[in-house]
Amino acid sequence: MNSRDISLSILNKYDYDKAYVNKLLADTFKNKNIDNKDKGLINELVLGSIENRYLLDFIISQFSKIKIKKMSVSVRNILEMGTYQLLFLDKIPDSAVCNESVKLAKKYANRSSGFINAVLRNISRNKYNIKYPDKTEDKIGYLSIYYSFPKWIVEKLVDQFGFEFCEDILKSSFKTYSPAIRANILKVPNDGNGKVKTDEFIDTLKSENINIIPNEDIQNCFWVDGKLDINNSESYKNGLYTIQNPSSQLTAITLDPKPNEIIIDVCAAPGGKTTHIAELMKNKGRVLAFDIYQHKIDLINKSANRLGIDIIEAVKHDSSIFKPELVEYADRVLVDAPCSGFGVIHTKPDIKWHRNENDIKELIKIQEKILSVSSKYVKKGGTLIYSTCTILKDENEIQISKFLSENRDYKLISEKRLFTHIDGGSGFYIAKLKRI
């Protein structure tokens, strides 16, 4: 199978199984002997086709007599993948795009090969004359089609942030951002106060051909400059660092855990924030970590072992269910709540297709329940952090405002919303509350 065959197979599986595309790509690359050049093209074709699906279907519909909904999954994906290449990949000649798409069609949708050829060649001839919704007359339609987002999401973002800021948010979801790592102060040389000796750490990773740049705003956080292959990194295997988005790293930093305290992380998997908390505690004290799935509990334990942490007690538990034995037990509690994930679309583009308005309503109910239950575990004078990886006010500021109105024994210390296009990391929300 060549790159386009593999790409089509992934796209078809994505549609049939409703799976997450990043997992499909990871599984494909793990199980097949594919060189880096082909991996790059597969990534480009698959992610580009999914990220731009609304736009691609909008264009295809202008040149096809058959409605998108009437097409088979293979035909639709061949057309979308071909249209994506015609519009966005200048290095591939249009004739090659059309020819390769016809070859795919003859293998996987033979009856439609002539139809696919005609549509793509027509798009090729007219791609500079395609009419899009007018930016001034149909603002929502323009943003929805041009940036390929469902209208209901666009409407919500425009309502909450205004047209121009919404457009900046949508633009940022297409940019490629460097991964970030967190140096493990339990294993990396530091100044004794928790600050990593930057030059030594940089040199250690450079010996593995990993180049990193300090994040000037977040202590012990580094941007990766270039490729990062943790499977071939002895430093990673030995627990010297963890891959973690800068916005996510700010959560544990805002919690500000101290050695010998008792901390509860009620929605802990896969364990990035949990292990960060334990590192900041210098591996002294107790960290209770909850998740509802055993395989995710196993992930937390695996990460803790790699990082040299032994104060985390990972327990399978549904955090919406009250545990009376934990009332006023913890010095600090972290509620990194399940959310819509609209702050991480730049890394998980299919979120926008998997979510719907009813999901948001249900998530808000779950968040409210977990927050209410977990707040009872905080000692008087203790700290409660509520965080999400979404930017929607419904799940963030409005959720916290409602909680404070119903819980007079809490006060808001700080709240921060992070945006990808402004802060460089994922979209995030972090509220710090104190029990009084």
Answer yes or no: is there a residue in segment 5-23 that is closer than 22 Å to Lys151 by Cβ and open to solvent by 20 Å² or more (accessible area, probe 1.4 Å). yes
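For (1) open to solvent by 10 Å² or more (accessible area, probe 1.4 Å); (2) without any contact (Cβ under 8 Å) to a residue 60 or more places away in the chain, each residue gets a yes or a no:
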{"position": "Thr198", "(1), (2)": "yes, yes"}
{"position": "Thr204", "(1), (2)": "yes, yes"}
{"position": "Phe222", "(1), (2)": "no, yes"}
{"position": "Asn231", "(1), (2)": "yes, yes"}
{"position": "Asn245", "(1), (2)": "yes, no"}
Subset tally (residues that are free of Cβ contacts under 8 Å to residues at least 60 places away in the same chain, assigned to a helix (DSSP H, G or I) and open to solvent by less than 50 Å² (accessible area, probe 1.4 Å)) for segment 102-113: 4
May I ask you to list the residues in segment 380-403 that are more than 25 Å from Phe165 (Cα to Cα) and either open to solvent by 60 Å² or more (accessible area, probe 1.4 Å) or touching a strand residue (DSSP E or B) at 6+ places or on another chain (Cβ under 6 Å) (or both)? Lys380, Gly382, Thr383, Leu384, Ile385, Lys402
Out of the residues in segment 404-436 that are open to solvent by 40 Å² or more (accessible area, probe 1.4 Å) and either among the basic types (Lys, Arg) or touching a Gly at 6+ places or on another chain (Cβ under 6 Å) (or both), state the one that is nearest to Ser372 (Cα to Cα). Arg408
Restricting to segment 74-93, what's the tally of residues that are open to solvent by less than 40 Å² (accessible area, probe 1.4 Å), of a type outside the set (Ser, Thr, Tyr) and assigned to a helix (DSSP H, G or I)? 9
Listed by first then second residue, the pairs whose first member lies in segment 64-81 and is touching a residue at least 60 places away in the same chain (Cβ under 8 Å), whose partner is part of a loop (DSSP other than H, G, I, E, B) and surrounded by fewer than 23 Cβ atoms within 10 Å (Cβ to Cβ), with beta carbons under 7 Å and at least 6 positions apart or on separate chains, are Ser74/Ala109; Ile78/Ala109
Can you tell me how many residues within segment 115-143 are under 17 Å from Glu80 (Cα atoms) and either part of a helix (DSSP H, G or I) or charged (D, E, K, R) (or both)? 13
Given Lys106, Lys151, Lys131, Lys139, which one is modelled with pLDDT under 95 and on the phi < 0 side of the Ramachandran plot? Lys131
Between Pro349, Pro270, Pro338, which is open to solvent by 20 Å² or more (accessible area, probe 1.4 Å), touching an Asp or Glu at 6+ places or on another chain (Cβ under 9 Å), within 30 Å of Lys156 (Cα to Cα) and touching a residue at least 24 places away in the same chain (Cβ under 8 Å)? Pro270
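The values are calculated or read from the model by the stated rules, or taken from the named source; none is laboratory data. As the structure is a prediction and not an experimental result, all values here were calculated from the model. Methodologically, a virtual Cβ is constructed for each residue, glycine included, from the backbone with ideal geometry; neighbour enumeration extends over all protein chains shown. SASA here: full protein model, heavy atoms, side chains in, ligands and nucleic acids out. Shrake-Rupley method; radii C 1.70, N 1.55, O 1.52, S 1.80 Å.
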